[in-house]
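Contents: one structure, followed by commentary.
The values are calculated or read from the model by the stated rules, or taken from the named source; none is laboratory data. Computed from a predicted model, the values in this text were never measured in an experiment. Cβ sites come from the backbone with ideal geometry, for glycine too, and all protein chains shown count toward neighbours. Areas reflect the complete protein model, heavy atoms only, side chains present, ligands, DNA and RNA absent. Shrake-Rupley method; radii C 1.70, N 1.55, O 1.52, S 1.80 Å.
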Amino acid sequence: MSLRDLRGSVAIVGVGQAGCGEAKGRTEMEILAQASHKAVADAGLRMSDIDGLATASSSSAMWPLSVVEYLGLNPRFVDSTMIGGSSFVSHTMPAMLALASGQCDAVLVCYGSTQRTAVMNRGEIKRARRQLEPHPFEEVYEPLQPLTSYALAARRYMHQYGATRRHLAEVAVAARKWAQLNPEAFRRDPLTIDDVLNARMVSDPLSVLDSCLVTDGAAAFVMVRADRAKDLPQKPAYVLGSATATWNKQISAMPDLTVTAARDSGKRAFEMAGITPANVDVAELYDAFTINTLLFLEDLGFCKKGEAAAFVENGGIAPGGHLPVNTNGGGLSCVHPGMYGAFIMIEAVRQLRGQCGERQIEDAQIALVHGNGGSLSSQATAVLGTQATL
């Protein structure tokens, strides 16, 4: 079996979210369970039908075992790949292989975090990580991670290609305009270019408004084989392509701060799907910081290297622009509970179903999802399509 044989063999048939924004009084496992039950019900299934699980957490090394126990599952397939925020996009390929081989029949991909309201604050978590997971070539400089790493990439990109902070601000403003069309988004107040340019600087050239939200939130989706998907209640979103690439962990190990492994994952995902970026109707890109969107637009092939600044000018990726990007408001304005990849998968599915209300992209048939993890460390790309694209 080749990757092209897998194209469209599996579909996402259920999605669910819970606790987005602030989940006061609830644990990350509780909101994960709420999102999971919503996704399973959305698929027209019962939790007893789930025999595959893909999940990850930054707070527990054996997180899947806790999820299995809490949800009462007996999975025949488990994937706990943890490569940061891209994990849940990356989970699509092993889930496809497990389903195609008959190892299991229904895979639940799920995530939950209460990083905004949790008792253990982020400072304590970072101090613990320095002991458990050191970055020997960077910690001596006491960086504000991950912010410092992304600021380093942003400054290099600006130097190399002539982009300005105004171009970064275009990304933040576009995300906010999409969020204003999404009643579930955490930040929906007006935002202007000047607001971003005048915002508190946290790591030059990135201001607080160039940086993702700190929210709670849980997300889950259910995958089954295509032959089963057509008999379930929701319009299936078929997985046409999926690929993951990792070139480094520490930002100091990147040979070129302006080129990410998205160049690799995107190329292979598009090849598997048999399409090009020109065929994409809506793009959901992991925007932990404004620089991410510029880098990924280029590395995924929507424009040439160094041209993303011009691509986003004058609302190019905002509502009414030439490419709808991050239509839920993104990690910058909708939700970002530590790891964001599962949420962009859900937004892509909703767009293909036609369930996005005011922000719905007319006749959306192909959606690209791109996840990022670590400090531009891991990249995962998925291409989803409707029945018409098979």
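Quick look at the numbers
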| read-out | value |
| --- | --- |
| Accessible area of the range 140-224 belonging to carbon and sulfur atoms, whole % at 1.4 Å probe | 54 percent |
| Sulfur and carbon atoms: percent of accessible area, the range 246-301 [1.4 Å] | 52 percent |
| Kirkwood Rh and Cα Rg combined as Rg/Rh, the range 156-217 | 1.00 |
| Protection-proxy order for peptides 368-377, 218-227, 266-275, each taking the mean of Cβ atoms within 10 Å per residue, highest first | 368-377, 218-227, 266-275 |
| Net charge, Gly357 excluded, C-beta distance under 13 Å - Lys, Arg +1, Asp, Glu -1 | -1 |
| Sorted peptide list for 87-96, 164-173, criterion being average Cβ within 10 angstrom, highest first | 87-96, 164-173 |
| For the range 222-319: span of alpha carbons on each principal axis (Å, largest first) | 47, 34, 24 |
| Kirkwood estimate for the range 182-281, i.e. one over the average of 1/r between Cα atoms, Å | 18.4 Å |
| Solvent-accessible area, 1.4 Å probe, carbon plus sulfur percent, for the range 328-390 | 43 percent |
| Part-to-part distance (alpha-carbon centres) for the range 232-281 and the range 65-83, which is given in Å | 25 Å |
| Accessible area expressed per residue, the chain, with surrounding protein chains retained (probe 1.4 Å, Å²) | 39 Å² |
| Anchor Lys230: lysines whose Cα lies under 30 Å away (excluding residues fewer than 8 positions away in-chain) | Lys38, Lys267 |
| Rg to Rh quotient for the chain, alpha carbon positions, Kirkwood Rh | 0.94 |
